[in-house]
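Engineer: This is the structure I want to talk about, given as C-alpha cells.
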Amino acid sequence: VSDLTFRSDITLQLDDWMGDDAKVIRMAKASIKKTGGDMEEAARMGFINFLMRERHGVPFEHCAITFYFEVPIFVMRQLAKHRISSISEASGRYVELEPVFYLANSQRPMVQIGKAGAYQFERGTYQQFQGYRFATEATSKRAWAYYRDLLDEGVARELARSVLPVNVYTSGYITVNLRSLMNLLSLRTAEEGAVIQGHPQYEIELLAQEMERVFACRFPLVHTAFLRNGRVAP
Ligand SMILES: Cc1cc2nc3c(=O)[nH]c(=O)nc-3n(C[C@H](O)[C@H](O)[C@H](O)COP(=O)(O)OP(=O)(O)OC[C@H]3O[C@@H](n4cnc5c(N)ncnc54)[C@H](O)[C@@H]3O)c2cc1C
C-alpha cells in the first residue's frame, strides 16, 4: 500500500473566539452595575488576578475559543472526556476515512518508569523504537488494506472502519469556554509552577500546549493570572 501517510504531529488552529480580557471584567462587574471600562492596565490585571485567586469562575465562562484539530483517535478519546466543551468531529459513517496514521518520532519518550500514579517516561532504545515503528507501520498498512477491501465489497463505512487502529487521524472543532479551557490545560500539561502537577500523555500535551499559546495570545491578562495562581482553574 503506497498511499499511506504517517505523521508524528498534531494540528491545532484557532478557528474563532469570543470575548477578551475586558469582557471577563465586564461580566464580573455586572454585580455592581459597572463595566470596568475605565480601569487602568494594572487595575485590570489586579482585578482578573483577584477573580482567579478567589475562584470566581463564572465571568471566565462568558469567553470561549473554537479550535480546529487533527489528532489520532486515541487523542480524540482523551479530548472528548472534557465534557464542558462542544465538539463536532468528522464522521466515519458519512465519509471515507483518510489513510493518515500517527507514528511517534524517536524523540518521543516511550518507556514508562515507575508505577501508575508515580511514573515518568524516558527515551526508548534504538531497538525499542524500531520495533514500535515496524509494528505500527505494518498494522496500519494491513488494516488500511482491509478497510479498502471491505468498502470495495460494499460493506458500509460505519462498519468497515472498525478494522482501523486508534492511530488513524480524525479532525474537527472544539469550542471551550475559558474556565473549562483552564481546567483542561491544568490536567493536560505538565508545566513547572503548577500547584497540582499534571501527568498528561505526550500527544495530548502537544495539543494542550498549542491551545495554551492561542489562549495566551487572545487573553493575555487571564493567562497571566492563570500562571500566577499555579495553573489552577477558577
Ligand atoms: C492523567 C490523566 C489520566 C486519566 N485517566 C483516565 C482513565 O484511565 N480513564 C478515564 O475514563 N478517564 C481518565 N482521565 C480523564 C479524566 O477522568 C477526566 O474525564 C478528564 O480529565 C476531564 O476532566 P474534567 O471532568 O475535569 O473535565 P470536564 O468534563 O470538562 O468538566 C469540567 C468540570 O466541570 C465539572 N463537572 C463536569 N461534569 C460534572 C458532573 N457530572 N458532576 C459534577 N461536576 C461536573 C467538574 O468540576 C469538572 O472538573 C484521565 C485524565 C488525566 C488528566
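Just so you know, all these numbers are worked out from the coordinates, no wet-lab data involved. Not measured: the values here are computed from a predicted model. Please note: Cβ atoms are built from the backbone with ideal geometry, for glycine as well, and neighbour counts cover all protein chains shown.
Engineer: Report Rg/Rh for the range 27-175, rounded to two decimals, where Rg is the Cα radius of gyration and Rh the Kirkwood radius. Don't jump to the answer; show the numbers that get you there.
Structural biologist: Values: Rg = 23.1 Å, Rh = 19.9 Å.
Rg/Rh for the range 27-175 comes to 1.16.
Engineer: Give the Cα extents of the range 161-231 along the principal axes, in whole Å, largest first.
Structural biologist: Result, largest extent first: 47, 24, 16 Å.
Engineer: Among Cys63, Trp17, Ile73, which residue has its Cα positioned farthest towards the positive end of the charge dipole of the range 16-73, with +1 placed on the Cβ of Lys and Arg, -1 on the Cβ of Asp and Glu, and the dipole taken about the Cα centre?
Structural biologist: Value: Cys63.
Engineer: To the nearest 20 Debye, how big is the dipole of the range 169-234 about its Cα centre, given +1 on the beta carbon of each Lys and Arg and -1 on that of each Asp and Glu?
Structural biologist: On the way: 6 positive and 6 negative charges, 59 e Å.
The dipole of the range 169-234 has a size of about 280 debye.
Engineer: Who wins for biggest fluctuation among Tyr119, Tyr102, Tyr132 in a Gaussian network model of the chain, springs between alpha carbons below 10 Å?
Structural biologist: Most flexible of the set in this elastic network: Tyr119.
Engineer: Grab the eigenvalues of the alpha-carbon gyration tensor for the range 90-234, scale each by 5, take roots, and send me the semi-axes largest first in whole angstrom. Intermediate results must be reported in sequence, preceding the final value.
Structural biologist: Working: eigenvalues 246, 104, 25 Å².
Here the semi-axes work out to 35, 23, 11 Å.
Engineer: For Asp15, enumerate residues with amide H under 5 Å from its amide H, sequence gap 5+ or separate chain, H modeled in the peptide plane.
Structural biologist: Long-range HN contacts for Asp15: Thr66, Phe67, Tyr68.
Engineer: Please work out how much length the chain gains when fully extended from Val232 to His82, using 0.36 nm per residue of separation minus the C-alpha to C-alpha distance, in nm with one decimal.
Structural biologist: Working: separation 150, 0.36 × 150 = 54.00 nm, distance 1.60 nm.
Length difference between fully extended and current span is 52.4 nm.
Engineer: What is the diffusion coefficient of the range 18-77 in µm²/s, taking the Kirkwood radius over Cα pairs and the Stokes-Einstein relation at 10 °C with a viscosity of 1.306 mPa s?
Structural biologist: Details: Rh = 13.2 Å.
Using the Kirkwood radius from Cα pairs, D works out to 120 µm²/s.
Engineer: Between Gln209 and Ser162, what is the label-to-label distance in nm when each label sits 7 Å out along the Cα-to-Cβ direction?
Structural biologist: Using points 7 Å along Cα→Cβ, the separation is 3.8 nm.
Engineer: Moving to a separate point now. Say we join alpha carbon atoms closer than 10 Å with springs in a Gaussian network model of the chain; which of Leu97, Leu151, Leu164 then has the biggest fluctuation?
Structural biologist: In the Gaussian network model the winner is Leu151.
Engineer: Rounded to the nearest 500, what is the 222 nm mean residue ellipticity of the chain from helices alone, with -39500 (n - 2.57) per DSSP H run of 4+ residues and division by all residues? Show your work: numbers first, answer last.
Structural biologist: Details: 9 runs with 102 residues, N = 234.
That calculation yields -13500 deg cm²/dmol at 222 nm.
Engineer: Could I ask something else about it? Using a Gaussian network model of the chain whose springs link C-alpha atoms within less than 10 Å, name the residue from Ala28, Ala190, Ala145 with the highest mean-square fluctuation.
Structural biologist: Ranking Ala28, Ala190, Ala145 by mean-square fluctuation puts Ala145 first.
Engineer: Hey, how many Å between the Cα centroid of the range 60-107 and the Cα centroid of the range 152-222?
Structural biologist: The range 60-107 and the range 152-222 have Cα centres spaced 7 Å from each other.
Engineer: Compute the Rg/Rh shape ratio of the range 152-196: radius of gyration over Kirkwood radius, all on alpha-carbon atoms. Spell out each step's value before the answer.
Structural biologist: On the way: Rg = 18.3 Å, Rh = 14.5 Å.
Answer for the range 152-196: 1.26.
Engineer: Moving to a separate point now. Quickly work out the Glu192-to-Arg148 label distance, labels modelled 7 Å from Cα along the C-beta direction, and quote it in nm with one decimal.
Structural biologist: 4.9
Engineer: Right, another one. Give the span of the range 70-139's Cα atoms along each principal axis, as three whole-Å numbers ordered largest to smallest.
Structural biologist: Projected onto the principal axes, the Cα atoms of the range 70-139 cover 41, 32, 16 Å.
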